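Comments concern the structure below.
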Amino acid sequence: MEQKIEELKKDISELETLLKQSDRQRVKDILSIELRRLVSEHVKLEDTLKNEKITPSTPIISTDRRYQVKLNNYAWDQSTKFVKFFVTVPGVHNIPAENVVCKFTPKSLELDIKDLDNKDYLFTINKLLNQIEPETSTWKVKTDMVVISAQKMDPSTWSHVTEIEKKVSDAKAKKYDLDKSDNPNDSLMNLMKKMYEEGDDEMKRTIAKAWTEGQNKKNSLDL
């Protein structure tokens, strides 16, 4: 069973890489569904290892200054009650439980991992699509993974994780609803410009990144 878990971890890692490299939304959706399935299977297999006893490694006192690593990759799934986030962190199960803390607000969550291989890890999601219950949201350390269970304020289905992802997705959808004109790209550009001017810093970074990636892809095709 341990070998199967290792293989699943490799599959999950490769799918995460493919998801980052994909440009087509349909391909991203397919990869995301498969990634969630594998992550769920990975968690279930680990839960069956009842006899596995994990002995936390003894903290090593070091005078070296630790540096912080920001975690961006994750998989997510949902039920009527919870939105679950699966954050892969190799070796996280080897550090003391008190070194792993997740803080919740109605619209955000922050996972803080201290002193793992002389590094601190931070995973943050701001402006969640809908509100969550901070008091009843939890987290659990698995082998090489932290599973965050954010309890929904209401049982509605989330189409996206954050408000920003939803806005960007809606903007792309509007692209196909624009009235036919001599130059429909102008209408799209005006829409994106309006979103950029009215958005916050995170929205501006997201739009700037999408614009840069689009320009790079266009230049590659021209070449």
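Odds and ends about this structure:
- Unmet criterion (only one of (1) surrounded by 13 or more Cβ atoms within 10 Å (Cβ to Cβ); (2) modelled with pLDDT of 80 or more; (3) touching a strand residue (DSSP E or B) at 6+ places or on another chain (Cβ under 9 Å); (4) among the charged types (D, E, K, R)) for Lys70: (1)
- Candidates Lys84, Lys28: the one that is outside any loop (DSSP other than H, G, I, E, B), within 21 Å of Leu129 (Cα to Cα) and either modelled with pLDDT under 80 or in contact with a Cys (Cβ under 9 Å, 6 or more places away or on another chain) (or both) is Lys28.
- Residue count, the stretch 94-113 (criterion: part of a strand (DSSP E or B) and surrounded by fewer than 17 Cβ atoms within 10 Å (Cβ to Cβ)): 6
- Lone qualifier among Asp154, Asp120 - being within 27 Å of Lys9 (Cβ to Cβ) and among the acidic types (Asp, Glu): Asp120
For every residue, the table says whether it meets (1) modelled with pLDDT of 75 or more; (2) more than 30 Å from Asp77 (Cβ to Cβ); (3) under 26 Å from the mean Cα position of the chain (by Cα); (4) not hydrophobic (A, V, I, L, M, F, W, C).
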residue: Val146; (1), (2), (3), (4): yes, no, yes, no
residue: Ser149; (1), (2), (3), (4): yes, no, yes, yes
residue: Gln215; (1), (2), (3), (4): no, yes, yes, yes
residue: Asp222; (1), (2), (3), (4): no, yes, no, yes
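- Considered as a group, the residues in the stretch 165-184 that are modelled with pLDDT of 55 or more, of a type outside the set (A, V, I, L, M) and assigned to a loop (DSSP other than H, G, I, E, B) include one that is farthest from Gly199 (Cα to Cα), and that residue is Asn183.
- Number of positions in the stretch 116-134 that are at pLDDT 95 or above and among the acidic types (Asp, Glu): 2
The values are calculated or read from the model by the stated rules, or taken from the named source; none is laboratory data. Computed from a prediction, not measured in an experiment: that's the story for all the values here. Backbone-built Cβ (ideal geometry, glycine too); neighbour counts: all protein chains shown.
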